[in-house]
Amino acid sequence: MNHMKKLMATALVLTIGVGIVLGSSAVSTVNAKSNDNKANTQNQQQLALIDPNDTALLLVDPQSGLLQTVKDLDVPTVRGNVRALAKMAELANIPVITTASVPDGPNGPLIPEVKDLPNATFVPRHGEINAWDDPDFVKAVEATGKKTLIIAGTWSSVCMTFPTLSALKAGYKVYSVIDASGTYSKMSSDITLTRIVQAGAVPVDTVSLVAEVQRTWNRSDAGKFAAIYAERVPNYGLLIESYQEAYGAGQKAVTK
C-alpha cells in the first residue's frame, strides 16, 4: 500500500511538472506569435502604401489625337493630371517611361509636357496596341529594377488596361491612375475600372497618389508638392493663399 502511494505521489509530481513546462512553453509560444503578429502588422502597414523607392511611372499614349476623343473626363483635367504625375515623379526621383501608339498617324504626337520630360525614357513602338507586347518597352521597365508600376494611359480602356493586365501577370504591383487616363465613354470607363480591379490593380486618383508618394510635410520639397495640389485643386490653392496672407499680416503686426 505504501509503495502504491509513493508511485501515485511521484506520478502527481511528474504531472504537475509537465503541466508547468507545457504551460511555460505555451506562454512562450503565445508571446512569440504576438510578436510575429506585431511585426506582420507593421510590414502590412508599410506594404499598404506605395513605396516610391520601388516604383516606376509609365505614361502610355497621352497623345494629342487620342485626347480629343476622351468623353468620360474633360480633357484639360486629364492633361493637367498627367502633368502632375510627371512633377511628382521628378520630386520623388521616380523613373518615367513614355511611349506612343503610331504618333505619325491620327493618334498624334505625345503632348509636349510628356514629350519634353527631361527625366523620361521614351520607347518607340512598332504598331503594338498593348505597349507590353513590345519587347523594348518591357526591357525598359525591367531596367528600372522596380516592382511597383504607376500606369496612366489614353484610352484607359486600352492603353492603360492592356499593359496593366500584362504587368500584373508578370508579377508587378500596379496602380492605375484613372483620372490621368480617360476613354471614349462613361460606360467604357466603368467596365475598365471593374476589369482592372478584378485583375488585382489598385485604382487611384492623381491627387491621392501624389499625397501617398509625398508621405510627409516634413520634407524640404513640401512646398513643391503643395503647388501640385494647388494646381489640381484650385480651392486648395485659395486656402494656401489666404493662409499666407493672414500669416504675413500677423508677422507684420508682431514686428511693429
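Candidates are the residues of the stretch 134-155 that are part of a helix (DSSP H, G or I) and in contact (Cβ under 8 Å) with a residue 60 or more places away in the chain; the one that is nearest to GLN68 (Cα to Cα) is VAL141.
Within the set ASN119, ASN93, ASN81, ASN107, the sole residue that is at positive phi and polar (S, T, N, Q) turns out to be ASN93. Going by the structure shown, is SER166 hydroxyl-bearing (Ser, Thr, Tyr) and in a helix (DSSP H, G or I)? Answer is yes for this residue. State yes or no: is SER156 of a type in the set (S, T, N, Q) and open to solvent by less than 10 Å² (accessible area, probe 1.4 Å)? It is true that SER156 is of a type in the set (S, T, N, Q) and open to solvent by less than 10 Å² (accessible area, probe 1.4 Å). Taken over the stretch 66-82, the criterion of being closer than 20 Å to ALA226 by Cβ and either open to solvent by less than 10 Å² (accessible area, probe 1.4 Å) or free of Cβ contacts under 8 Å to residues at least 40 places away in the same chain (or both) is satisfied by GLY80, ASN81, VAL82. Of the residues making up the stretch 215-226, those that are in contact with a Phe, Trp or Tyr (Cβ under 9 Å, 6 or more places away or on another chain) and either of a type in the set (Ser, Thr, Tyr) or part of a helix (DSSP H, G or I) (or both) are PHE225, ALA226. Please give the number of the condition LEU110 fails out of (1) without any contact (Cβ under 8 Å) to a residue 12 or more places away in the chain; (2) over 22 Å from PRO52 (Cα atoms). Against the list (1) without any contact (Cβ under 8 Å) to a residue 12 or more places away in the chain; (2) over 22 Å from PRO52 (Cα atoms), LEU110 comes up short only on (1).
Inspection of the stretch 227-246 identifies no residue that is outside any helix (DSSP H, G or I), of a type in the set (D, E, K, R), surrounded by 15 or more Cβ atoms within 10 Å (Cβ to Cβ) and at pLDDT 95 or above.
Residues that are closer than 15 Å to LYS169 by Cα and assigned to a loop (DSSP other than H, G, I, E, B) within the stretch 118-133 comprise just one, ASN130.
State which residue is surrounded by the most Cβ atoms within 10 Å (Cβ to Cβ) when the search covers only the stretch 165-186 and only residues that are without any contact (Cβ under 8 Å) to a residue 40 or more places away in the chain and not hydrophobic (A, V, I, L, M, F, W, C). Among those residues, the one meeting the criterion is SER176.
Residues of the stretch 87-106 that are out of contact with any Phe, Trp or Tyr (no Cβ under 8 Å at 6 or more places or on another chain) and either open to solvent by 40 Å² or more (accessible area, probe 1.4 Å) or closer than 12 Å to LEU58 by Cβ (or both): LYS87, ALA89, GLU90, ASN93, ILE94, PRO95, VAL96, VAL102, PRO103, ASP104, PRO106. Just one residue in the set LEU165, LEU209, LEU193 is under 14 Å from ALA84 (Cβ atoms) and of a type outside the set (Ser, Thr, Tyr); that residue is LEU209.
The values are calculated or read from the model by the stated rules, or taken from the named source; none is laboratory data. Just so we're clear, the structure is a prediction, and the values are computed from it rather than from any experiment. Glycine gets a Cβ as well: all are built from the backbone with ideal geometry, and neighbour counts include every protein chain shown. With ligands, DNA and RNA removed, areas are computed over all heavy atoms of the protein, side chains included. Shrake-Rupley method; radii C 1.70, N 1.55, O 1.52, S 1.80 Å.
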